[in-house]
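**Student:** Pasting in a structure now, in structure tokens, and then I'll have a few things to ask.
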Amino acid sequence: METAVHIRIRGQVQGVGFRPFVWRLARDMGLRGSVRNDAEGVWIHAAGGNLNAFAQALREQAPPLARVDRVEVTATPDLPEGEAFTITVTTTGAARTGVTPDAMTCPTCAAEVLDPADRRFAYPFANCTHCGPRFSIVEAIPYDRGSTTMAGFRLCPDCHEEYDDPADRRFHAQPIACPTCGPKAWLEVGGNGRILDTPDPITAAAAHLREGAILAIKGIGGFHLACDARNEKAVTRLRVRKHRPTKPFALMAPDLGTITHHARVSELEAQTLASPAAPIVLLEAAGDTLAPSVAPGQWALGWMLPTSPLHLLLLRAFGGPLVMTSGNLSGEPQAIDNGEARKKLTPFADLFLMHDRPIARRLDDSVARVVAGRVRLLRRARGYAPEALPLPPGLDAAPAVLAHGGLLKSTLCLTREGEALLSHHLGDLDDALTAEEYAKADRDYAALMDHAPEVLAHDLHPDYPSTARAEARARETGLPLEPVQHHHAHVAAVMAENGWPLDGGKVLGVALDGLGWGPDGTVWGGEFLLCDYRDFTRLACLKPVPLPGGGAAQSEPWRNLLAQLDSAGFTEDADRLLAGRPLAPLRAAMAKGVNSPLSSSCGRLFDAVAAALGVGPDKQSHEGEAAMTLEALARPHMDWERLPHYRLFLDGESWLDPSPLWRALLDDLGRGVSRGIVAARFHRGLAESIAETALTLAGTHGARAIALTGGCFQNATLFEAVLMALGGFPTLTHALVPPNDGGLSLGQAVVAGARRVIS
Ligand code: ZN
Ligand code: ZN
Ligand code: FE
């Protein structure tokens, strides 16, 4: 008797050419039956051949953008009708499956748009089942053309033929388009909106860029502002117009070869640049220089390759590197809508390279850096979201959690049935427009994923807008709230990302961070926490010092220098180094504890050292500015072995005291040791002291691994030095989840989930 099977495939299997792959495979293996998408993934009914080999091939030969999580085969007495294998129309149902991330133009599509004989020659919106826009155009699931922003473009007969032919690379490619039927690009003048009469708006835009123009470009997840990266006048003009004095600009190059003229690129970095996610990769500058204002005082530059045919054609026509920065006012979310862009970006841009394919949601460029042989995301957005992360063993039984994240670099996290969906980077919630965007993303994700939370997790900080949103939702719905301490969430995020099991035992978490609310009423940020998912004990921290002026101490590094030197007993040095500053009133306030909360922040220690070296700005224009400058200064001197490094000492078992560090640092400054060497000795000394403390505490308390997390680990120099000093001890580090507050929501979600798993 003939046997038949039902096969359920879960994972990232829609919008990646999975059905035609199944169809071709079934046809080659002589099977009959059918395949379809539904809300749980892909569903197959098959009979008539070697079904075991078929199931195995489904796992092993999946198309490039697919990720197969599970293949479930069940025998069935129902035999498929007919002799052929067919693809059936999508049925709608409860949403269960992931929408896929946007993918960089594949090599085949790139070759087509550069081939004068191809019907898509020079067409900026070419794509296929292996590449193109996805999450940025999806408005509902199941993923079908009708539920994307391509719904309004009716296929021409040629595209229809490709779309219907299972043997074609564009079979059921939902964003399929061509010059006849698809979206169109045009070039318009900023201010008056006049459309330039040119048959080739992209080549015309490139010509304007060569003359120093600033161009607004409608990209995949939003607008960019671009200018010639070798033209100092143009770059400076962009900085002035954007009110962005120093924060490094990202760059886009036509090809890898161009990037290697300006940066050192390892094989892994090259692979990452050219991967479907196509993130910005931070690369060490080397070789030909760019305009000095691109990234003043930085050792690493952020590069990316063209992410769509529009970018590819523009960069080829331009023939060199472009500054490619998000199209927004500093701090605000970038524009995505044509009208909004005209209104907001006209003060910045001379020209607009527009098109008529709507963007369904804002997606910033993702940012990655290779440290210690692994790709580490610092910002997770376009190309990565909304890919789900598996929950660690033991947490699959947890209830559905919605976690609300922090304040800066905010994200949301939804968990359900063994998966965590970490939202894309939503920005800093202290900006009103970003807060609006955050609320929109909250609704958007819930609807797209059909997520019904049972628990609401949030940061302990009472004043975060994300906390307020969780509380408001709890009032509306009656759902329970689960507050999670900031650094416990950081540690839980890195544990979860590494698959640390729920019953895996204690981990020694090292959270080096900016600021996070501590349960003792002080501000934490340099923490050694003995953690499991459910709970933590604070074993030690950097010795707390006041934040003079509260919030002002976050943006003004010199205030932290005053607090550090006074606390370490070097008041005369403070008087000398900070002559001319209003020290007396701040000291009075610190003595009385007025507007001077105590903080163990590691980020503020970096600020203080930068101020001591006179390299930090008076007032930081972006988070981490002083620390980034300090790292750039230290970088070339990190192999300096001849001088002892500054050490911090664990006082008893609770405070890591920086006063010996300050004594050595002041000595060096007095002897005229160069600032680069002082910065390097600080990095090395801090890293070694941190590692030594972590190893001691892990040993004393029987921790089975050391987990490194927090925003300070964006500093590759510190990160590498800590890893080296930890030797071979088992270490958990971030890769797919950012070490900064972008990872907080994942940590909150797993803590809240773990507290509700009965064991
Ligand atoms: Zn393609
Ligand atoms: Zn067409
Ligand atoms: Fe943090």
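The values are calculated or read from the model by the stated rules, or taken from the named source; none is laboratory data. Predicted, not measured: the structure shown is a model, and the values here were computed from it. Neighbour counts are summed over all protein chains in view; Cβ atoms, including those assigned to glycine, are modelled from backbone coordinates with ideal geometry. The protein model used for the area step is the full one, side chains on, heavy atoms only, and it has no ligands, DNA or RNA in it. Shrake-Rupley method; radii C 1.70, N 1.55, O 1.52, S 1.80 Å.
**Student:** Can you give the accessible area of Arg119, probe radius 1.4 Å, in Å² rounded to 10?
**Tutor:** For Arg119, the solvent-accessible surface is approximately 90 Å².
**Student:** With a 1.4 Å probe and all protein chains left in place, how much of the accessible area of the chain comes from carbon and sulfur atoms, in whole percent? List each step's numbers first, then the result.
**Tutor:** Numbers: 14750 of 27860 Å².
Taking all protein chains in place, the chain shows 53 percent carbon and sulfur surface.
**Student:** Could I ask something else about it? Around Val375, under 11 Å between beta carbons, what's the net of Lys plus Arg minus Asp minus Glu among the other residues?
**Tutor:** Details: positive: Arg369, Arg374, Arg376; negative: Glu269.
Net charge in that neighbourhood comes out at +2.
**Student:** Quick check for me: using +1 on Lys/Arg Cβ and -1 on Asp/Glu Cβ, what's the dipole size of the chain about its Cα centre, in debye to the nearest 20? Mind showing how you got there, number by number?
**Tutor:** Values: 73 positive and 86 negative charges, 215 e Å.
That gives a dipole near 1040 debye.
**Student:** Sticking with this structure for a sec: Please give the FRET efficiency for Val673 paired with Ala552, using the beta carbon to beta carbon distance and R0 = 25 Å, rounded to the nearest 0.05. Working shown, then result.
**Tutor:** Details: r = 30 Å, r/R0 = 1.22.
In this case the efficiency is close to 0.25.
**Student:** Mind putting a number on the dipole of segment 4-97 about its Cα centre? Charges go on the C-beta only, +1 for Lys and Arg and -1 for Asp and Glu, and I need it in Debye to the nearest 20.
**Tutor:** Numbers: 11 positive and 9 negative charges, 53 e Å.
In total the dipole reaches around 260 debye.
**Student:** Spelling out what I want: for every residue of segment 191-204, take phi, set θ = phi - 60°, compute 6.51 cos²θ - 1.76 cosθ + 1.60 (Karplus), and round to whole Hz; glycine and proline get x.
**Tutor:** Couplings: x, 9, x, 5, 7, 6, 7, 9, x, 10, x, 6, 5, 5 Hz.
**Student:** Okay, next question. Using the Karplus curve 6.51 cos²θ - 1.76 cosθ + 1.60 with θ = phi - 60°, what ³J(HN,Hα) values do you get for each residue of segment 542-556, in whole Hz, with x for Gly and Pro?
**Tutor:** Rounded to whole hertz, the list is 4, 4, x, 10, x, 9, x, x, x, x, 5, 5, 6, 9, 10.
**Student:** Follow-up. Which order do the peptides 59-65, 309-315 come out in when sorted by mean C-beta neighbours inside 10 angstrom, highest first? Show your work: numbers first, answer last.
**Tutor:** Details: 59-65: 14.4, 309-315: 25.7.
Averaged packing, sorted descending, gives the order 309-315, 59-65.
**Student:** Taking Cα centroids, how far is segment 572-626 from segment 738-759 in Å?
**Tutor:** 33 Å
**Student:** Of Lys409/Lys440; Lys247/Lys409; Lys242/Lys440, which pairs sit farther than 19 Å apart, going by alpha carbon to alpha carbon?
**Tutor:** Details: Lys409/Lys440 16 Å; Lys247/Lys409 16 Å; Lys242/Lys440 25 Å.
As for pairs spanning more than 19 Å Cα to Cα, those are Lys242/Lys440.
**Student:** Measuring from label point to label point, each 7 Å out along Cα→Cβ, what is the Lys619 to Ala400 span in nm?
**Tutor:** Placing both labels 7 Å along Cα→Cβ, they lie 4.6 nm apart.
**Student:** Which whole-Hz couplings ³J(HN,Hα) result when phi for each residue of segment 404-416 is put into the Karplus expression 6.51 cos²θ - 1.76 cosθ + 1.60, θ = phi - 60°, listed in order with x for Gly and Pro?
**Tutor:** These are the phi-based 3J(HN,Hα) values: 9, x, x, 10, 8, 6, 5, 9, 10, 9, 10, 10, 5 Hz.
**Student:** Calculated from DSSP H runs of 4 or more alone, at -39500 (n - 2.57) each and per residue, what is the 222 nm mean residue ellipticity of the chain, nearest 500? Numbers along the way, then the final one.
**Tutor:** Details: 23 runs with 246 residues, N = 759.
Rounded to the nearest 500, the figure is -9500 deg cm²/dmol.
**Student:** Rank-order 239-251, 168-180 by packing density, defined as the average count of other C-beta atoms within 10 Å over each peptide's residues, highest first. The partial results should precede the final answer.
**Tutor:** Working: 239-251: 18.5, 168-180: 21.0.
Highest-to-lowest ranking by the protection proxy: 168-180, 239-251.
**Student:** For the chain, what does the accessible surface come to per residue with a 1.4 Å probe? Please give it in Å². Please list the in-between numbers first.
**Tutor:** Values: 27860 Å² over 759 residues.
Per-residue accessible area for the chain comes out at 37 Å².
**Student:** Probe radius 1.4 Å, ligands and nucleic acids left out: which of Val484, Val673 has the largest accessible area, and how do the rest follow?
**Tutor:** Values: Val484 0, Val673 30 Å².
Listed by decreasing accessible area, they come as Val673, Val484.
**Student:** Please report the antiparallel percentage of DSSP beta bridges with both residues in the chain, rounded to the nearest 5. Mind dumping the intermediate values first?
**Tutor:** On the way: 80 of 107 bridges.
Around 75 percent of the beta bridges assigned by DSSP in the chain are antiparallel ones.
**Student:** For the chain, what's the relative contact order in percent, using C-alpha pairs closer than 8 Å and at least 6 residues apart? It would help to have the intermediate numbers written out before the result.
**Tutor:** Numbers: 1798 pairs, mean separation 87.8, N = 759.
Answer for the chain is 12 percent.
**Student:** Express the relative contact order of segment 4-97 as a whole percentage, based on alpha carbon pairs under 8 Å and six or more residues apart in sequence. Kindly include the intermediate steps, with their values, before the conclusion.
**Tutor:** Working: 198 pairs, mean separation 43.6, N = 94.
It rounds to 46 percent for segment 4-97.
**Student:** Any chance you could check the Cα centroid distance between segment 366-403 and segment 93-152 for me, in angstrom?
**Tutor:** 23 Å
**Student:** Just to verify a number: what accessible area does Trp43 come out at with the full protein assembly present, 1.4 Å probe, Å² rounded to tens?
**Tutor:** Here the residue's solvent-accessible area equals roughly 60 Å².
**Student:** Quick one: order Ser366, Ser330, Ser275 from most to least accessible surface, probe 1.4 Å. Each step should come with its number before you reach the end.
**Tutor:** On the way: Ser366 0, Ser330 60, Ser275 25 Å².
In descending accessible area the options line up as Ser330, Ser275, Ser366.
**Student:** Oh, and also: Would you report the distance distribution of C-alpha pairs in segment 12-153 as whole percents per 10 angstrom bin, up to the bin with the largest distance?
**Tutor:** 11, 36, 33, 17, 3, 0
**Student:** Please list 143-156, 494-507, 405-418 highest first by mean number of surrounding beta-carbon atoms within 10 Å per residue. Spell out each step's value before the answer.
**Tutor:** Working: 143-156: 17.6, 494-507: 20.6, 405-418: 24.6.
Top of the packing list down: 405-418, 494-507, 143-156.
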